[in-house]
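Participant: Pasting in a structure now, in structure tokens, and then I'll have a few things to ask.
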Amino acid sequence: QVQLVESGGGLVQPGGSLRLSCAASSTIFRSCTMGWYRQAPGKERELVATITLGGRTNYAGPLKGRFTITRDYARNTAYLQMDSLKPEDTAVYYCNAVKELWSAVPGDNYWGQGTQVTVSS
């Protein structure tokens, strides 16, 4: 079973920062585009940001400039740095991995269990 393990969520005041982490197996991490999505109560899951194996990034328009996605091949971990947080950023944040290269792991689209981010004073 593919595991993406997220961490780093929590409660933060408006204007604060959080860094989310998503740890994956080496096989998954070295064959997949990594991404972050979020889902607020009563809303559909939406893209936050993605980063390819080559490091090309893509952001949801309104989040560019406040959020930064990176990946560390030494740790097989993707990160989402979130700055200048707003109450509307409150959501469950999900790590995602989508295959770019073949691997022996079944499937081609993987999800983490989600981590809650709450922005409130």
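Participant: Exactly one of (1) closer than 20 Å to S120 by Cβ; (2) open to solvent by 50 Å² or more (accessible area, probe 1.4 Å); (3) touching a residue at least 60 places away in the same chain (Cβ under 8 Å) is unmet by T27. Its number?
Facilitator: If we test T27 against (1) closer than 20 Å to S120 by Cβ; (2) open to solvent by 50 Å² or more (accessible area, probe 1.4 Å); (3) touching a residue at least 60 places away in the same chain (Cβ under 8 Å), just (1) comes out false.
Participant: Shifting gears a bit: Restricting the first residue to region 69-81 and requiring it to be farther than 9 Å from I51 by Cα, which pairs with a second residue that is among the polar types (S, T, N, Q) and surrounded by fewer than 18 Cβ atoms within 10 Å (Cβ to Cβ) meet a Cβ separation below 7 Å and a spacing of at least six or different chains?
Facilitator: Within 7 Å, the pairs are N76/S25; N76/S26; T77/S21; Y79/S21; Y79/T70; Q81/T68.
Participant: If you don't mind, there's one more thing I want to ask. Is there any pair with a first residue in region 86-97 that is open to solvent by less than 40 Å² (accessible area, probe 1.4 Å) and a second that is part of a strand (DSSP E or B) and polar (S, T, N, Q) whose Cβ atoms are under 6 Å apart and which are 6 or more apart or on different chains, and what are they?
Facilitator: Matching pairs, first to second residue: T90/T118; A91/Q39; V92/Q39; V92/Q116; Y93/T115.
Participant: Criterion first (touching a Cys at 6+ places or on another chain (Cβ under 6 Å), at negative phi and basic (K, R)) does K64 satisfy it? Don't jump to the end; show me each part of the working.
Facilitator: Details: touching a Cys at 6+ places or on another chain (Cβ under 6 Å): no; at negative phi: yes; basic (K, R): yes.
The answer is no for K64.
Participant: Related question: Counting only residues that are modelled with pLDDT under 95 and small (G, A, S), which one in region 43-83 is most open to solvent (accessible area, probe 1.4 Å)?
Facilitator: The first filter runs over region 43-83 and keeps only residues modelled with pLDDT under 95, leaving 60-65.
From what is left, the residues that are small (G, A, S) are 60-61, 65.
Working: A60: 23, G61: 60, G65: 76 Å².
The qualifying residue most open to solvent (accessible area, probe 1.4 Å) is G65.
The values are calculated or read from the model by the stated rules, or taken from the named source; none is laboratory data. Predicted, not measured: the structure shown is a model, and the values here were computed from it. All Cβ positions, even for glycine, are placed from backbone atoms using ideal geometry, and neighbour counts span all protein chains on display. Note: accessible area is taken over every heavy atom of the protein model, side chains too, but ligands, DNA and RNA are not part of it. Shrake-Rupley method; radii C 1.70, N 1.55, O 1.52, S 1.80 Å.
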